[in-house]
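**Student:** Provided herewith is a single structure, encoded as structure tokens, for subsequent inquiry.
The values are calculated or read from the model by the stated rules, or taken from the named source; none is laboratory data. If you're wondering where the values come from, they're calculated on a predicted model, not measured in any experiment. Glycine gets a Cβ as well: all are built from the backbone with ideal geometry, and neighbour counts include every protein chain shown.
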Amino acid sequence: MNENKVVGAAAPVGYFRRAGAARYCGVSLRTLGEFQRRRIVPFVRISRRCVLFKREDLDRALERFRVAAIGEM
């Protein structure tokens, strides 16, 4: 077995992998994938299987779904 292979490496500080990004946003992996497909949330594709999401980009994307309260506008 190759012991040098890194499996499930942690994302850099300020970034999330797919599962962490979905958990942070409170959505399912499927919904996050749909956000990616529709380009609602920016992402960095490191490789075919490794995608990173920046925390600020997730916050900005989620702000688009915010509904203002009456009198808040």
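**Student:** Among residues belonging to region 1-26 that are more than 15 Å from ASP57 (Cα to Cα) and among the β-branched types (Val, Ile, Thr), point out the one that is modelled with the lowest pLDDT.
**Tutor:** VAL6
**Student:** Still on this model: Inside region 26-49, can you point out the residues that are surrounded by 11 or more Cβ atoms within 10 Å (Cβ to Cβ) and in contact with a strand residue (DSSP E or B) (Cβ under 9 Å, 6 or more places away or on another chain)?
**Tutor:** Here is the first cut: in region 26-49, the residues surrounded by 11 or more Cβ atoms within 10 Å (Cβ to Cβ) are 27-29, 31-36, 40-44, 46.
LEU32, GLN36, VAL41, PRO42, PHE43, VAL44, ILE46, listed by residue number.
**Student:** I would also like to ask the following. If a residue must be in a loop (DSSP other than H, G, I, E, B) and among the aromatic types (Phe, Trp, Tyr), how many such residues does region 24-73 contain? Give the derivation first.
**Tutor:** Going residue by residue through region 24-73, those that are in a loop (DSSP other than H, G, I, E, B) are 26-28, 38-43, 46-50, 64-73.
Of the ones still in play, those that are also among the aromatic types (Phe, Trp, Tyr) are 43, 65.
Final tally of qualifying residues: 2.
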